[in-house]
Amino acid sequence: MSKSNFELKVGLAEMLKGGVIMDVMNPEQARIAEDAGAVAVMALERIPALIRKEGGISRMSDPEMIRDIQKEVSIPVMAKIRIGHFAEAQILEALEVDFIDESEVLTPADEHNHVWKHDFKVPFVCGCRDLGEALRRIGEGAAMIRTKGEAGSGNIVEAVRHMRKVTSQIKELTILSREELMAQAKILGAPFTLVQQVAKLGKLPVPNFAAGGIATPADASLMMQLGAETVFVGSGIFMSEDPSSRANAIVEAVTFYNDAGKLANISHGLKKAMDGLDIAKIPKEERLQERGW
Amino acid sequence: MNIGILSLQGDVEKHGSVLRSLGIDFFFVRYADELIELDGLIIPGGESTTLTHLMKKNKLFQSIQLFAKNKPILGTCAGMIMMSKKSNHRLVTPLGIMDIEVDRNAYGRQVFSFVDDLPVRINGHTEKIKATFIRAPKITQWGKDVEILAEYNKEPCAIKQGMHIALSFHPELNGINIFHKEAFINHKAERKSKPSYAA
């Protein structure tokens with residue numbers, strides 16, 4: 001019996017497709033998320049908008065808080081580690097979290113290396129801004145890729161940029177000849193075998209989700225129409241005025257992403273969305289998406 | 001033949017690949033009125049709490065129950081939970097299509113997910129397949145009309161009742177098509193081979 005194979009990890013990512021993964025900071029929020037139809041929750045002590053506001057070092061969440069959330073809900077529970085912090089990953093695996101997000105939202109622990117994710121039974125999700133970054137993470141063992149966007153900004157523009165970039169780079173690979181693929185692998189800084197695989201498939205070999213800045217049902221629909229297979233909503237729900245209604249609406253928006261009439265109804269009466277930030281006004285060194293190598 | 005894959009949430013595409021391998025036409029369905037055109041339905045894996053939530057909100061509950069009266073349904077993992085008559089979670093309202101009770105996530109969290117060999121008795125012969133169990137449910141009670149197609153550790157994990165099939169695991173992830181074939185092709189052949197008195 002094999003328990004650590006890659007297909008099993010990608011298998012769980014497949015099951016999450018078409019669902020919404022919500023950031024939660026306590027069991028009460030986790031329950032609101034589950035009741036609203038979330039397909040999984042991401043347990044973290046401070047959602048990105050608060051990390052941005054409060055500053056300081058952001059680390060893996062307190063195991064007690066993760067355990068409390070695991071007790072509260074029956075859907076998969078995910079948690080974040082700092083980039084390269086494999087000891088935090090080992091602890092999360094011991095806690096039996098269902099997915100680990102090696103995330104730029106937390107303060108990086110290693111400025112050159114990410115975690116070697118093949119060593120773990122728990123599947124990993126990692127952020128990317130372009131195809132090269134996505135394929136480096138898959139090469140290290142990530143079973144799911146998400147756009148980085150700009151977490152905690154409430155601004156969708158970066159997630160759109162990253163999704164469009166990945167998609168257009170994939171399209172480009174599909175029309176290149178074999179010898180051109182090697183040159184392109186060099187430019188992308190991506191493992192050659194994965195470049196060959198993507199050129200053949202015309203898509204990433206693992207599910208491709210959207211994250212970073214999703215705040216409304218329309219944002220969710222936009223990302224799905226751009227090719228995302230589901231969405232993570234970080235600060236967008238619990239920084240809004242009425243989290244439960246908004247959570248419900250975004251869940252339905254992901255399923256019915258191409259039904260504008262339904263989206264119009266879903267988007268009704270949701271009260272105020274989270275406040276958004278203009279990306280141009282966030283200094284480059286404070287942009288979370290710059291983290292990761 | 002048109003088979004629908006219920007596409008509210010879950011691993012819908014992999015079921016599409018399996019149907020394609022059998023030369024069966026399929027559609028991704030999300031609305032109750034789309035069921036009318038179909039000869040069979042697949043309820044895929046995903047989260048049963050989410051599936052319940054979306055089925056209720058979109059008036060699919062009764063439509064699927066009515067559909068099940070004369071068309072075959074194949075459910076995998078969360079799909080099996082939805083087809084059961086009783087589940088162990090406050091947010092899951094099963095459809096009651098099969099005479100089984102299930103426990104969600106009964107094998108444990110993702111670190112306990114596994115792939116293993118599984119002998120299956122189907123359509124008169126035994127076949128050994130690779131079965132992928134992901135946070136899988138267990139069948140805890142079953143009625144006398146339920147035919148057991150496979151057992152894992154002496155517990156049923158693949159069952160048939162009338163024309164419906166429910167599985168704890170995910171044949172679609174391993175490209176295995178014997179259950180899809182049994183539910184939609186063999187079943188149809190059985191019906192056709194019955195004498196037609198009208199003629």
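For segment A:250-290, give me each residue that is small (Gly, Ala, Ser) and either touching a helix residue (DSSP H, G or I) at 6+ places or on another chain (Cβ under 9 Å) or without any contact (Cβ under 8 Å) to a residue 60 or more places away in the chain (or both). Break it down stepwise before answering.
As a first pass, look at segment A:250-290 and keep what is small (Gly, Ala, Ser): A:253, A:260-261, A:264, A:267, A:269, A:273, A:276, A:280.
Matches in segment A:250-290: A:Ala253, A:Ala260, A:Gly261, A:Ala264, A:Ser267, A:Gly269, A:Ala273, A:Ala280.
So which of A:Gly18, A:Gly11 ends up being over 23 Å from A:Gly276 (Cα atoms), surrounded by 21 or more Cβ atoms within 10 Å (Cβ to Cβ) and free of Cβ contacts under 8 Å to residues at least 12 places away in the same chain?
Details: A:Gly18 fails: free of Cβ contacts under 8 Å to residues at least 12 places away in the same chain.
One residue alone meets the criteria, A:Gly11.
Taking A:Glu34 as the residue in question, decide whether it is without any contact (Cβ under 8 Å) to a residue 60 or more places away in the chain, crowded, with 23+ Cβ neighbours inside 10 Å and more than 30 Å from A:His112 (Cα to Cα).
Values: without any contact (Cβ under 8 Å) to a residue 60 or more places away in the chain: yes; crowded, with 23+ Cβ neighbours inside 10 Å: yes; more than 30 Å from A:His112 (Cα to Cα): yes.
The answer is yes for A:Glu34.
Only one of B:Gly23, B:Gly16 is within 19 Å of B:Phe169 (Cα to Cα), surrounded by fewer than 22 Cβ atoms within 10 Å (Cβ to Cβ), out of contact with any Gly (no Cβ under 8 Å at 6 or more places or on another chain) and of a type outside the set (D, E, K, R); which? Talk me through it step by step, then tell me what you get.
Working: B:Gly23 fails: within 19 Å of B:Phe169 (Cα to Cα).
Going through B:Gly23, B:Gly16 in turn, just one is within 19 Å of B:Phe169 (Cα to Cα), surrounded by fewer than 22 Cβ atoms within 10 Å (Cβ to Cβ), out of contact with any Gly (no Cβ under 8 Å at 6 or more places or on another chain) and of a type outside the set (D, E, K, R): B:Gly16.
How about segment A:76-118: which of its residues are part of a helix (DSSP H, G or I) and surrounded by fewer than 24 Cβ atoms within 10 Å (Cβ to Cβ)? It would help to see each step written out before you state the result.
First, the residues of segment A:76-118 that are part of a helix (DSSP H, G or I): A:86-94, A:117-118.
Across segment A:76-118, the qualifying residues are A:Phe86, A:Ala87, A:Glu88, A:Gln90, A:Ile91, A:Glu93, A:Ala94, A:His118.
Taking into account only those residues within segment A:257-290 that are assigned to a helix (DSSP H, G or I) and among the polar types (S, T, N, Q), which is farthest from A:Ala210 (Cα to Cα)?
The qualifying residue farthest from A:Ala210 (Cα to Cα) is A:Asn265.
Step by step: first the residues of segment B:45-90, then only those that are among the charged types (D, E, K, R) and more than 20 Å from A:Leu12 (Cα to Cα), then the one that is surrounded by the most Cβ atoms within 10 Å (Cβ to Cβ). Which residue is that?
Here is the first cut: in segment B:45-90, the ones among the charged types (D, E, K, R) are B:47, B:56-57, B:59, B:69, B:71, B:85-86, B:90.
This time we only want the ones that are more than 20 Å from A:Leu12 (Cα to Cα), so: B:56-57, B:59, B:69, B:71, B:85-86, B:90.
Values: B:Lys56: 12, B:Lys57: 16, B:Lys59: 11, B:Lys69: 8, B:Lys71: 19, B:Lys85: 16, B:Lys86: 15, B:Arg90: 10.
Among residues in segment B:45-90 that are among the charged types (D, E, K, R) and more than 20 Å from A:Leu12 (Cα to Cα), the one surrounded by the most Cβ atoms within 10 Å (Cβ to Cβ) is B:Lys71.
Check whether at least one residue in segment A:61-72 is free of Cβ contacts under 8 Å to residues at least 12 places away in the same chain and surrounded by fewer than 22 Cβ atoms within 10 Å (Cβ to Cβ), and report yes or no. Show your work before the answer.
Narrowing segment A:61-72 to residues free of Cβ contacts under 8 Å to residues at least 12 places away in the same chain: A:64.
The next check asks that each one be surrounded by fewer than 22 Cβ atoms within 10 Å (Cβ to Cβ); those that pass are A:64.
Yes, segment A:61-72 has at least one match.
A quick yes/no check of all residues on (1) surrounded by 24 or more Cβ atoms within 10 Å (Cβ to Cβ); (2) at pLDDT below 95:
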position: A:Pro123; (1), (2): yes, no
position: A:Gly141; (1), (2): no, no
position: A:Gly152; (1), (2): yes, yes
position: A:Thr167; (1), (2): no, no
position: A:Arg178; (1), (2): no, yes
position: A:Ala210; (1), (2): yes, no
position: A:Gly213; (1), (2): yes, yes
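Could you please tell me which pairs satisfy a Cβ distance under 7 Å, a separation of 6+ or placement on different chains, a first residue in segment B:169-189 that is polar (S, T, N, Q), and a second residue that is at pLDDT below 95?
Between residues of segment B:169-189 that are polar (S, T, N, Q) and residues that are at pLDDT below 95, the close pairs are B:Asn186/B:Asn123.
Does segment B:92-114 hold any residues that are crowded, with 19+ Cβ neighbours inside 10 Å, touching a residue at least 40 places away in the same chain (Cβ under 8 Å) and over 14 Å from the mean Cα position of the chain (by Cα), and which are they?
Hits for segment B:92-114 are B:Val92, B:Arg104.
What helices (runs of 4 or more DSSP H), lying completely within segment B:7-121, carry at least 1 residues that are at the interface with chain A (Cβ under 9 Å from one of its Cβ atoms)? Lay out the reasoning, then the answer.
Numbers: elements: B:12-21, B:48-57, B:61-67, B:78-83.
Filter on segment B:7-121 gives B:12-21, B:48-57, B:78-83.
Do we find a residue being within 15 Å of A:Phe232 (Cβ to Cβ), away from chain B (no Cβ under 14 Å) and more than 14 Å from the chain's Cα centre (by Cα) anywhere in segment A:130-153?
yes
Given the conditions (1) in a helix (DSSP H, G or I); (2) within 14 Å of chain B (Cβ to nearest Cβ), report the number of the one that A:Arg52 does not fulfil.
Status for A:Arg52: all satisfied but (2).
When you look at B:Pro171, is it within 14 Å of chain A (Cβ to nearest Cβ) and modelled with pLDDT of 95 or more, yes or no? Give the derivation first.
On the way: within 14 Å of chain A (Cβ to nearest Cβ): yes; modelled with pLDDT of 95 or more: yes.
Here the answer is yes, as B:Pro171 does meet what is asked.
Based on this model, can you work out whether B:Lys128 counts as farther than 20 Å from B:Met82 by Cβ, away from chain A (no Cβ under 14 Å) and assigned to a loop (DSSP other than H, G, I, E, B)? Steps first, answer last, please.
Values: farther than 20 Å from B:Met82 by Cβ: yes; away from chain A (no Cβ under 14 Å): yes; assigned to a loop (DSSP other than H, G, I, E, B): no.
No; evaluated as a whole, the condition is false for this residue.
Kindly check whether there is at least one residue in segment A:84-92 that is touching a helix residue (DSSP H, G or I) at 6+ places or on another chain (Cβ under 6 Å), more than 14 Å from chain B (Cβ to nearest Cβ) and not aromatic (Phe, Trp, Tyr). Walk me through how you get there before you give the answer.
We begin by selecting, within segment A:84-92, every residue touching a helix residue (DSSP H, G or I) at 6+ places or on another chain (Cβ under 6 Å); these are none.
No.
The values are calculated or read from the model by the stated rules, or taken from the named source; none is laboratory data. Note that the coordinates shown come from a computational prediction; the quantities given were computed from them, not determined experimentally. In this analysis, Cβ positions are derived from the backbone assuming ideal geometry, glycine residues included, and neighbour counts consider all displayed protein chains.
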